[in-house]
Amino acid sequence: MKKKLLIIASMLILVIAFAGCSKKDVKEYNIDDLLVKYTKVKKGIEKETQYWSDDEKKGDKYVRLVKKYAEKNGFELNEKILVKGKVNSVMAGGVFLSTNSKDSDSLMCTFKSFKLPSYTALLEPDKNSTVEGILFETYKDKDGTNGVHENLSKCKIKSPNLNETEFEDNIEDIVLSENYQDRIMGTVTSVVKIPASEDERQEVSDSADSSIPGESDFASAYRYASHTISFDLEDDKNLICFVDESFCNLPEIGDKISLIGNHFTYEDDEWVEAIYSPIYNFSNKK
C-alpha cells in the first residue's frame with residue numbers, strides 16, 4: 001500500500017511539474033523597446049508588399065510573410081504580451097499607445113469584436129497604461145481564407161484599475177485645455193439627434209472655410225456625427241459633443257458620463273469631436 005501511495009505521489013509531482021513547465025510566461029515590454037522591433041516588422045512587410053494588391057495581402061502567403069518578419073525581430077505569431085506605454089489617443093475602434101516622444105510611432109490596441117468597451121472612455125490620454133493582448137494574431141475569414149492581425153488584438157486594460165475611477169466633473173477645465181484629446185466628465189443636459197441628411201452634412205463639410213478658426217473642425221465633426229450631447233458651462237453656455245451612436249450607448253438627460261474627445265471653439269461656442277469615443281455611464285455603475 002505504501003509503495004502504491006509513493007507511485008501515485010510521484011505521478012502527481014510529475015504532472016504538476018509538467019503543467020508548470022508547459023505554462024508559457026507572458027512577455028512584458030516597455031513601448032519604447034517594443035516599437036523599435038515592431039516598426040522593423042512593419043517596414044519589412046510594407047517594403048515587400050508595396051506592389052501587392054489587397055487580395056494578395058490575405059491568405060497563407062501573407063501570413064508566412066508576417067511570420068518571417070515577426071520571427072526575424074524576436075516575435076512569434078499569436079504571442080500574448082504585456083505593453084507599458086502612454087495613452088496617445090482613443091479613436092476608430094482602438095486605443096493607441098505611444099512613448100513620451102511627441103514624434104513617437106504608436107501601437108494600435110484593439111478589443112474583442114473590434115469594438116471599444118465602454119470602460120475605455122475612462123482612460124486618460126497622455127497617462128501611463130499597461131495593456132495585455134495578442135500580437136500578430138492569426139484568424140480565418142468566413143470564406144476560409146487565413147489572415148493575420150498586425151496590431152495588438154483581444155486587448156485588456158491591466159492598469160490603471162478603471163474600476164476605481166470616480167466621477168469628477170471637469171467640463172469647465174476642458175474649455176481651457178490645449179491637449180489633443182481629453183477625458184471629459186459631466187452631467188448630460190441634452191441629447192439631440194442631428195436632423196440633417198447625409199448629403200446636407202456633406203455639403204457643409206465641402207463648403208467649410210479653413211481660414212475661419214474652428215470651422216473645419218466643426219464641419220468634419222458635424223459630417224460624421226449622429227447626435228450631440230450637451231453639458232452646462234458658466235454664463236448660460238454649453239459644451240456640445242459630437243458623437244456617433246455606432247460607437248457608443250447614448251445616455252439620457254441627467255446621466256453622469258465620461259467620454260474622450262478633442263475640444264475646439266467655433267463662433268464663440270465650445271465643441272468637442274468625440275465621434276469614435278465610447279461612453280461610460282456612471283449612472284449604470286453597480
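The values are calculated or read from the model by the stated rules, or taken from the named source; none is laboratory data. Worth saying up front: this structure is predicted, and the values here are computed from it rather than measured. Note: ideal-geometry Cβ built from the backbone for every residue, glycine included; neighbour counts use all protein chains shown. Calculation scope for accessible area: heavy atoms of the full protein, side chains included, ligands and nucleic acids excluded. Shrake-Rupley method; radii C 1.70, N 1.55, O 1.52, S 1.80 Å.
Quick check on the stretch 164-193: of everything there that is free of Cβ contacts under 8 Å to residues at least 24 places away in the same chain and not in a loop (DSSP other than H, G, I, E, B), which residue is farthest from Ala274 (Cα to Cα)? It comes out as Glu164. With respect to the numbered conditions (1) in contact (Cβ under 8 Å) with a residue 40 or more places away in the chain; (2) open to solvent by less than 100 Å² (accessible area, probe 1.4 Å), which one is the sole condition not fulfilled by Lys158? Status for Lys158: all satisfied but (2). Of the candidates Ser226, Ser246, Ser230, Ser207, the single residue that is free of Cβ contacts under 8 Å to residues at least 40 places away in the same chain, farther than 29 Å from Ser113 by Cα and either small (Gly, Ala, Ser) or touching a Phe, Trp or Tyr at 6+ places or on another chain (Cβ under 6 Å) (or both) is Ser207. Condition (residue is under 21 Å from Ser258 (Cβ atoms), open to solvent by less than 60 Å² (accessible area, probe 1.4 Å) and aliphatic (A, V, I, L, M)) applied to the stretch 162-169: is it met by at least one residue? Within the stretch 162-169, one or more residues are under 21 Å from Ser258 (Cβ atoms), open to solvent by less than 60 Å² (accessible area, probe 1.4 Å) and aliphatic (A, V, I, L, M). Reported count of residues in the stretch 136-182, each being more than 30 Å from Val63 (Cβ to Cβ) and out of contact with any Leu (no Cβ under 7 Å at 6 or more places or on another chain), is 18. Taken over the stretch 194-211, the criterion of being part of a helix (DSSP H, G or I) and open to solvent by 80 Å² or more (accessible area, probe 1.4 Å) is satisfied by Glu198, Asp199, Glu200, Glu203, Asp206. Within the stretch 171-200, count every residue that is within 27 Å of the chain's Cα centre (by Cα) and more than 30 Å from Phe282 (Cα to Cα). Final tally of qualifying residues: 1. For the stretch 94-152, which residues satisfy the criterion of being in contact with a helix residue (DSSP H, G or I) (Cβ under 9 Å, 6 or more places away or on another chain) and of a type in the set (Asp, Glu)? Within the stretch 94-152, Asp105, Glu150 qualify. Of the residues making up the stretch 174-193, those that are surrounded by fewer than 13 Cβ atoms within 10 Å (Cβ to Cβ) and within 18 Å of His263 (Cα to Cα) are Leu176, Glu178, Asn179, Tyr180.
Residue by residue, here is whether (1) among the β-branched types (Val, Ile, Thr); (2) under 22 Å from Met185 (Cβ atoms); (3) more than 22 Å from the chain's Cα centre (by Cα) holds:
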position: Gln202; (1), (2), (3): no, no, yes
position: Ala225; (1), (2), (3): no, yes, no
position: Asp235; (1), (2), (3): no, yes, yes
position: Asp244; (1), (2), (3): no, yes, no
position: Ile275; (1), (2), (3): yes, yes, no
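Counting the residues of the stretch 125-158 that are among the β-branched types (Val, Ile, Thr) and out of contact with any strand residue (DSSP E or B) (no Cβ under 9 Å at 6 or more places or on another chain) gives 1.
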